[in-house]
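The values are calculated or read from the model by the stated rules, or taken from the named source; none is laboratory data. No experiment lies behind these values; they were computed from the predicted model shown. Glycine also receives a Cβ, built like all others from the backbone with ideal geometry; neighbour counts cover every protein chain displayed. With ligands, DNA and RNA removed, areas are computed over all heavy atoms of the protein, side chains included. Shrake-Rupley method; radii C 1.70, N 1.55, O 1.52, S 1.80 Å.
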Amino acid sequence: MPDGFPILLPAPRRVRPGGGSFPIPDRPRVDAPAGCTRARDAFVHALDESGTEASRDWKPAGAVAATLALDPAAAPPPEGYRLVLAPDGIRAAAPDEAGLLRAAATLRQIVRASGRTLPCSEIDDAPAFPVRGVLLDISRDKVPTMDTLRGIVALLAELKFNRLELYTEHTFAYRNHPEVWAEASPVTPDEVRTLDGWCLALRIGLVPHQHSFGHLERWLRHPRYAPLAEAPDGWVPPWGGPRRGPSTLHPANPASLDLVRGLYDELLPCFMSRTFNLNCDETWELGQGRSRARCEAVGRGRVYLDFLLALHADVRARGFAVQAWGDIVHQHPDLIPELPRDLTMLEWGYEAAHDFDGRCSRFAAAGVPFLVCPGTSTWNSVAGRWTNALGNLAAAARAGLAQGAGGYLVTDWGDGGHWQPWPASWLPLAAAAACAWSGAPPAEPDLLRAADLHVFHDEA
């Protein structure tokens, strides 16, 4: 950022300081094109940050403070924008309303830092990654309330994220499976629709996410579902330790696919997004139980891929784009060329030294689309591992840009019971926002000052 200019998060691509300043008038007015009501409201809220009361009327008598325009040539990438702060007012232009909303987020931070007198400048900005998402684990014991989710969505919008996924194992209130979620404070279909509406208003896609193969221990512990378990008598983790209860579906049992299809029947109609994450990671016990003979005959990777392809075919037939985690196929790299070119693989790794570059190159070489998926490094902890998080987030951004990733999805997991409080996750999520939008985090002192101002609203 130029010297003396307010610190912003994420930092815009280019800022050219100008001469003079713009004082926000009393009851400022925002003029916007027809159909851009949400963008207009976002600019009104940005001006409100100064303590003035911007006009909520379309044609009030107050002075025009900001003029919005839709212009395909203003900033060609989707969600790009041009924001001009001049002595005679604020002008914003973007190729779509999403771009105007991102411009409003930038203006809001400038107003928060500057008060009612704004420094004149010209800002040209666009995202490094087209998909910039956050995945929140709502299955390992902490299910956010609707009030909490509304606040999360508002902050994600200011940080210019455009996707939210709620990782679900058993915490959606499936009508046909009440015993699974009975004591888990599940998210209901009506709550999903409400949350989806909040996200839509801020141009954030709420993507459905249901584990469809592994991590189903809270299903398979019930007698009704036990016949679908790969290892009903338990399994031994590959890293050693005591035998664990069943968590993975038996892929050769047709009833396993029937169960998952029934979940999709209930879940997917609740969402406006046409993208679905069917997960399918960490199927550790595959081959240790009922599919042992099949895995020995054709290979564990082939058994895994056959079930993944069946799930993919079902979801594609419903008109959804499909995502799945990439860890298991990396164990069988010879199968990567067989992946459908309309299946987006999610390359996850949560250590600063994770080889994003090498693993992403496998998908890139095969022409398979992928996202990079680092983490907040907060789970199994109270305060998180900040140094590791910053290295992990930056490495994912570098490799994603170098290898042609279609997006950046940062994950906040709840392993071990989700002990971390929300503030522990917000700092790495702020760093992730900078990586996803700008391609790299700012210098750590700048990042911490920006997070104090724009995330925590607290100079401490």
Next item on the list: Please report how far the C-alpha centroid of region 420-460 lies from that of region 298-357, rounded to the nearest whole angstrom.
Entry: 31 Å
Check: In Å², what does the accessible area per residue of region 179-275 work out to with a 1.4 Å probe?
Finding: 43 Å²
Next item on the list: Arrange the residues K160, K142 by how much accessible surface each exposes, largest first, with a 1.4 angstrom probe.
Entry: K142, K160
Note to self: With a 1.4 Å probe and all protein chains kept in place, how do M146, M272 rank by accessible area, largest first?
What the structure shows: M272, M146
Note to self: From the Cα trace of region 190-241, what convex hull volume per residue do you get, rounded to a whole Å³?
What the structure shows: 138 Å³
Check: Points 7 angstrom from Cα along the Cβ direction at D48 and A293: gap in nanometres?
Finding: 6.6 nm
Note to self: Considering only C-alpha atoms, what is the centroid distance from region 1-15 to region 65-137, in Å?
What the structure shows: 12 Å
Next item on the list: Select from region 179-259 those GluC sites (Glu not before Pro) which occupy a DSSP coil region and have at most 15 other Cβ atoms within 10 Å, ordered by residue number.
Entry: E183
Next item on the list: Quick one: pull the percent of accessible area on the chain belonging to carbon and sulfur, 1.4 Å probe, ligands and nucleic acids left out.
Entry: 53 percent
Next item on the list: For the chain, find the longest principal axis of its Cα atoms and tell me its angle to the long axis of helix 37-48, 0 to 90°, nearest 10.
Entry: 60 degrees
Margin query: Along the Cα→Cβ direction, 7 angstrom out, place labels at D306 and D141. What is the inter-label distance in nm?
Written below: 3.8 nm
Checklist line | In order through region 135-151: 3J(HN,Hα) via Karplus (6.51 cos²θ - 1.76 cosθ + 1.60), integer Hz, x for Gly, Pro | finding: 10, 10, 6, 10, 10, 9, 5, 10, 9, x, 6, 5, 4, 4, 4, 5, x
